[in-house]
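Engineer: Please find one structure pasted underneath; my questions will follow.
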Amino acid sequence: MALDPILLSRLQFAFVVSFHAIFPVFTIGLASYIAVLQGLYVSTGNRVWDRLGLFWTKVFAVVFGMGVVSGIVMAFQFGTNWSNFAQMAANFIGPMLSYEVVTAFFLEAGFLGVLLFGRHRVSPAVHFFAALMVAVGTFISAFWILATNSWMQTPDGYEIREGVIHVTSWVDAIFNASFPYRFTHMALAAFLTGGFVVTGVSAWFLLRGRDVDAHKRALSMTLWLLLFLAPLQAFVGDEHGLNTLEHQPMKIAAMEGNWETESNVPLLLFALPDRDLQANRVEIGIPNGASLILRHDPDGVVPGLDQIDRAQQPPVWITFYSFRVMVALGLLMIAFAVAGLVLRKGGRVYRSRWFLRGLQGMSLAPFVAVVAGWVVTETGRSPWLIYGVLDYADAITPSLSGGMVLFTLLGYIAVYAVIFIAGVYYLCKVINQGLDEDDDTEELDSHDRPARPMSAAHVPFDDARDDRAPNRS
Amino acid sequence: MEMFDLSLIWAVIIAFGVIMYVLMDGFDLGLGILFPFAPDEDARDVMMNSVAPVWDGNETWLVLGGAGLIGAFPLVYSILLPAMYIGVFLMLAGLIFRGVAFEFRFKSRRTRNWWNAAFAGGSFVAAFAQGAVVGAYIEGFETADRVFTGGALDWLTPFSVITGLGLVAGYALLGATWLVLKSEGHVRDWARGLIPKLLVGVVVVFAVVSLWTPWIDPGVWERWFDHMQVIWLLPALALACVIGIYAANRKGRELMAFLLTLGMFIFTYLGLLVSRWPYVIPPDYTLWDAASAPESQFFLLIGVLFVVPIILTYTAWSYWVFRGKVRVGDGYH
């Protein structure tokens, strides 16, 4: 069997992006949470907020460090595997990526050091300000990346001259039709990720009876937040879907598993899509559901995949099921947020073992949902890399062979597996160490200086070997 | 916009970014290359601590260079990266490994040898791959109709292996002179002893590459031997730096030895640029062929002109804060 460089390149890009994306999506949400904690500390003077802030800052440092290291690859991927795309779209993509680097640098250079290492060197107010700026910085980084991605989904503000894209309006190009929806959806996803990790970890501590007071507070405030955010995300996701229906109807058709353009389309809960048959072999659905959601009318006409050639259709299986995974996890998140509200009566929310265990498990849910959501949006635009403008076959690096891509794909998997295992292992150690003692005489010497992000977490990676001097750590 | 040649401005910015990266990441990659030969674990602690506060700032230049390249010269980006496909992968894998090793070595004891190996191996591979890019670049790329048409391993030639090893030796020299500057006692003595050996390696590669290059490309031959003999000044200055490094090292003038090593890199780099100017993808495309649209170059220029001075200031400040010698036992918890 010949190795297909296009398929393998798509797999490679999906792998690298998904792997990298789970770190920023977490740090974006967590940065905001830390800013809230430090803000509470400044306004109330209660040390418990500062202790929680310190704990989550250490977690943030490790995850941020992992994100930085795994992100180096991204700036080179377009050139190595998609060089025709890079050449065609560089007039827009190039400045966007550069501005992302520039803003990310600002964040690192200016405020990350103060957030990570400045706790006892600047006043709480200044420290809070640094936390706020780091949170803002993460959003600005996300802004450029999502502007780029959204433009590739709904290109605007450009013209093509001699096969090359020229930007005619930066405003139209950056604030393209799907950008506001995608950015809001992603921002909420980041908050949900941060929120569910915080509740999951707090639940873990409560189940073990460690620092109960502090983690009760963290759990309670975050559950209030999730009660508001999880349903809001469902609403925004729905709006995003309507926007997609307008601009990328075939993506919606694949998400709904809808082969024929017709009215009274059911909302499928389960189906076995069959490309050869151009229909679903089995369908279980709610009558008129899709018409109702997408057109707000049971008789509404929903576009089907019959509108385009079979060769142009997105892979229905992947899009259909990834979408359901994302929605199911979203509903589960709402369910947990509501359950939290119900259990508040009599303080059961801190004692109910099934609920706390459930929250522990739920801390992984947003990551899966985010990756599934990206799979929906990225495979659903197939075969277009720039929707309606450039397809995968024309975007690929012409000199690429399947073997080369396979070699580097396996290589990246190996490299990332090693750092991911080491990183998660270390993260667990940092979390297990828990909150620092409640005293503000934390030792600082002249060598405890702002440096690499992860040096903010003073937790040993492994246990000391007996024959090594303990002071060399 | 007509008043300025934006592409020329961008060529200067990118060239500046590349040499900044080479000089700054060069010495911390060099320390990684020297890592396995360190006399003891104390020396390794000192080596890492001497660059720990600054190394990831150094790599900012690489990411900025990659992003700036696609913004300003997409043709270079979209020919160079496919041509170096496997090399780019090796470089990135190397940088990732050493980046993670940097973080975890400080925190580990039982697994420290693993992180030592990852740091050394990653540094070596990344340095070699970067050196091979230089060699492949001198040799030129097979292109047609603005795309790379060569094979996956075209870049791996006897010539690029030599330039790869040359850069490994050069970075090791940078690392050694840096370490002399930043350490004391037995660590410094060890690093000082390395410098003459590394100089021999660098000079051998320098000579081989200089003799070989004009044979590869008639354009370079013509430029060197016919109408631009002032070019000889640059390799002469680089050689003068080499002699200066040897002398300064003998006399224990630590800062001078380090600065002269920087000088050696700068003059060699300028020599390379002048030999090829204005071709950015030899032998076919000049920097003007490779440029992106003026609107894009201009839009990007605003951001970069704003941020580069801040990066430079910040970098200078952090080197100032962390100035002075690193002692055994100093460092991170």
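Taken together, the values in this text are just the output of simple stated rules run on the coordinates, not laboratory data. It should be emphasised that the depicted structure is a prediction, and the values quoted were computed from it without experimental measurement. Quick reminder, even Gly has a Cβ in these numbers, built from the backbone with ideal geometry, and neighbours come from all protein chains shown.
Engineer: Quick one: divide the alpha-carbon radius of gyration of segment B:196-333 by 2.2 N^0.38 Å and tell me what you get.
Structural biologist: The reported ratio for this selection is 1.41.
Engineer: I've got another one for you. Starting from the eigenvalues of the Cα gyration tensor, five times each then square-rooted, give me the equivalent ellipsoid semi-axes of chain A, largest first, whole Å. If you can, show how the numbers build up before the last one.
Structural biologist: Numbers: eigenvalues 325, 159, 87 Å².
The three semi-axes for chain A are 40, 28, 21 Å.
Engineer: Let me ask you something else. Treating only the Cα positions of chain B as identical point scatterers, give the base-10 log of I(q)/I(0) from the Debye formula at each q in 0.10, 0.11 Å⁻¹.
Structural biologist: -0.60, -0.73
Engineer: Compute the separation of the alpha-carbon centres of segment A:122-139 and segment A:52-85 and state it in Å as a whole number.
Structural biologist: 20
Engineer: Okay, next question. Please report the equivalent ellipsoid semi-axes of segment A:23-168, computed as sqrt(5 x eigenvalue) of the Cα gyration tensor, largest first, in whole Å. Don't skip to the answer; put the middle values down first.
Structural biologist: Details: eigenvalues 281, 41, 26 Å².
Equivalent-ellipsoid dimensions as semi-axes: 38, 14, 11 Å.
Engineer: Something else about it: For q = 0.16 Å⁻¹, what log10 I(q)/I(0) does segment B:1-80 give under the Debye formula with an equal point scatterer on each alpha carbon and no solvent?
Structural biologist: -0.69
Engineer: Where a ≥ b ≥ c are the square roots of the eigenvalues of the C-alpha gyration tensor, would you call segment A:273-314 rounded, which needs a/c under 1.5, or, failing that, prolate if a/b is larger than b/c, or oblate?
Structural biologist: Working: a/c = 3.54, a/b = 1.55, b/c = 2.28.
In terms of gyration-tensor shape, oblate.
Engineer: Just want to confirm a number: the relative contact order over chain B, from Cα pairs under 8 angstrom separated by 6+ residues, in percent. Let's see the in-between values first.
Structural biologist: Numbers: 425 pairs, mean separation 86.1, N = 333.
The normalised contact order for chain B reaches 26 percent.
Engineer: May I ask you to order B:208-219, A:177-188, A:202-213 by the average number of other C-beta atoms within 10 Å around their residues, highest value first?
Structural biologist: Working: B:208-219: 15.1, A:177-188: 20.9, A:202-213: 17.2.
So the order, starting with the most tightly packed, is A:177-188, A:202-213, B:208-219.
Engineer: Still on this structure, I have one more. If I take R0 = 25 Å and measure r between the Cβ atoms of B:GLU222 and B:THR157 in this structure, what FRET efficiency does the formula 1/(1 + (r/R0)^6) give, to the nearest 0.05?
Structural biologist: 0.65
Engineer: By average Cβ neighbour count within 10 Å, what is the ranking of A:168-174, A:88-94, B:266-272, A:215-221 from highest down? Don't jump to the answer; show the numbers that get you there.
Structural biologist: Working: A:168-174: 15.4, A:88-94: 26.1, B:266-272: 19.1, A:215-221: 20.9.
Averaged packing, sorted descending, gives the order A:88-94, A:215-221, B:266-272, A:168-174.
Engineer: What helices does chain B hold that run 27 Å or longer along their axis, going by alpha-carbon atoms, with a Kyte-Doolittle average of -1.0 or more, using DSSP H for the helix calls?
Structural biologist: For chain B, where a helix must reach 27 Å along its axis and average at least -1.0, the hits are B:6-34, B:85-105, B:112-139, B:158-182, B:185-216, B:254-276, B:294-321.
Engineer: Dividing the alpha-carbon Rg of the protein assembly as shown by 2.2 N^0.38 Å yields what?
Structural biologist: Working: Rg = 27.9 Å, N = 806, 2.2 N^0.38 = 28.0 Å.
Ratio of Cα Rg to 2.2 N^0.38 Å: 1.00.
Engineer: Let me check the size of segment A:303-444 from its C-alpha atoms; what are the radius of gyration and Dmax in Å?
Structural biologist: 22.8, 69
Engineer: Something else now. With +1 assigned to the C-beta of every Lys and Arg and -1 to the C-beta of every Asp and Glu, and no other charges, what is the dipole magnitude of chain A about the Cα centre in debye, to the nearest 20?
Structural biologist: It comes to approximately 1440 debye.
Engineer: Report the label-to-label distance for A:ARG348 and B:PHE4 in nanometres (one decimal), using points 7 Å from each Cα along the Cα→Cβ vector.
Structural biologist: Each label point is offset 7 Å from its Cα along the Cβ direction, giving 6.7 nm.
Engineer: Count charges around B:TRP178 for me, please; just the other residues with Cβ under 15 Å from its Cβ, Lys/Arg as +1, Asp/Glu as -1.
Structural biologist: With Lys, Arg at +1 and Asp, Glu at -1, the net is +3.
Engineer: Dipole of chain A (Lys/Arg Cβ +1, Asp/Glu Cβ -1, origin at the Cα centre): which of A:LEU277, A:VAL370, A:MET454 lies farthest to the positive side?
Structural biologist: Result: A:MET454, furthest along the dipole toward the positive end.
Engineer: Let me ask you something else. Where does the charge balance sit around A:THR261 when Lys and Arg score +1, Asp and Glu -1, over other residues with C-beta under 13 Å from its C-beta?
Structural biologist: Cβ neighbours under 13 Å give a net charge of -3.
Engineer: Next question. Nearest 10 degrees is fine. How inclined is helix A:316-343 to the longest principal axis of chain A, computing both from alpha carbons?
Structural biologist: Approximately 40 degrees, to the nearest ten.
Engineer: In degrees, nearest 10, range 0 to 90: what is the angle between the Cα axis of helix A:5-44 and the longest Cα principal axis of chain A?
Structural biologist: Its long axis makes an angle of about 40 degrees.
Engineer: Averaged over peptide A:65-78, how many Cβ atoms belonging to another chain are found within 10 Å of each residue's Cβ?
Structural biologist: Mean inter-chain Cβ contacts per residue within 10 Å come to 6.
Engineer: Working from Cα positions, state the angle (0 to 90°, nearest 10) between the long axis of helix A:353-362 and the longest principal axis of chain A.
Structural biologist: Once rounded, one gets 60 degrees.
Engineer: Can you give me the Cα centroid spacing of segment B:218-278 and segment A:380-406 in angstrom?
Structural biologist: Measuring centre to centre over Cα atoms gives 43 Å.
Engineer: Treating each Cα of segment A:4-108 as an identical point scatterer and ignoring solvent, apply the Debye formula and state log10 I(q)/I(0) at q = 0.18 Å⁻¹.
Structural biologist: Those come out to -0.94, one per q.
Engineer: Taking the Cα centre of chain B as origin, work out the dipole magnitude from +1 charges on Lys and Arg Cβ and -1 charges on Asp and Glu Cβ, in debye rounded to 20. Intermediate values should be presented prior to the final figure.
Structural biologist: On the way: 20 positive and 25 negative charges, 307 e Å.
For chain B, the charge dipole is close to 1480 debye.
Engineer: Within 10 Å of each Cβ of B:87-100, how many other protein chain Cβ atoms are there on average? Walk me through the numbers on the way to the answer.
Structural biologist: Details: counts 1, 6, 10, 2, 2, 12, 7, 1, 3, 10, 4, 1, 9, 12.
The per-residue average across the peptide is 6.
Engineer: Taking each residue in B:289-301, count the Cβ atoms of any other chain within 10 Å of its Cβ, then average. What number comes out? Walk me through the numbers on the way to the answer.
Structural biologist: Details: counts 0, 1, 0, 9, 9, 2, 6, 11, 3, 1, 9, 8, 1.
Across B:289-301, the average partner-chain Cβ count within 10 Å equals 5.
Engineer: Suppose a student asked you for the relative contact order of segment B:1-96, using Cα pairs under 8 Å spaced at least 6 residues apart; what percent would you report?
Structural biologist: Contact order relative to length: 33 percent.
Engineer: Sticking with this one: What net charge is computed for the residues neighbouring A:THR397, neighbours being all others with C-beta under 13 Å from the C-beta of A:THR397, Lys and Arg scored +1, Asp and Glu -1?
Structural biologist: +1
Engineer: If I model a spin label at A:ASP274 and B:THR313 as a point 7 Å from the Cα along the Cα→Cβ vector, what separation in nanometres do I get?
Structural biologist: Result for the modelled spin labels: 6.9 nm.
Engineer: Here's something else I'd like to know. With respect to the cross-link table entries A:LYS58/A:LYS345; A:LYS345/A:LYS429; B:LYS107/B:LYS197; B:LYS107/B:LYS182, which display a Cα-Cα separation exceeding 31 Å? Don't skip to the end; give the middle numbers.
Structural biologist: Values: A:LYS58/A:LYS345 33 Å; A:LYS345/A:LYS429 34 Å; B:LYS107/B:LYS197 33 Å; B:LYS107/B:LYS182 22 Å.
A:LYS58/A:LYS345; A:LYS345/A:LYS429; B:LYS107/B:LYS197, as the Cα separations exceed 31 Å there.
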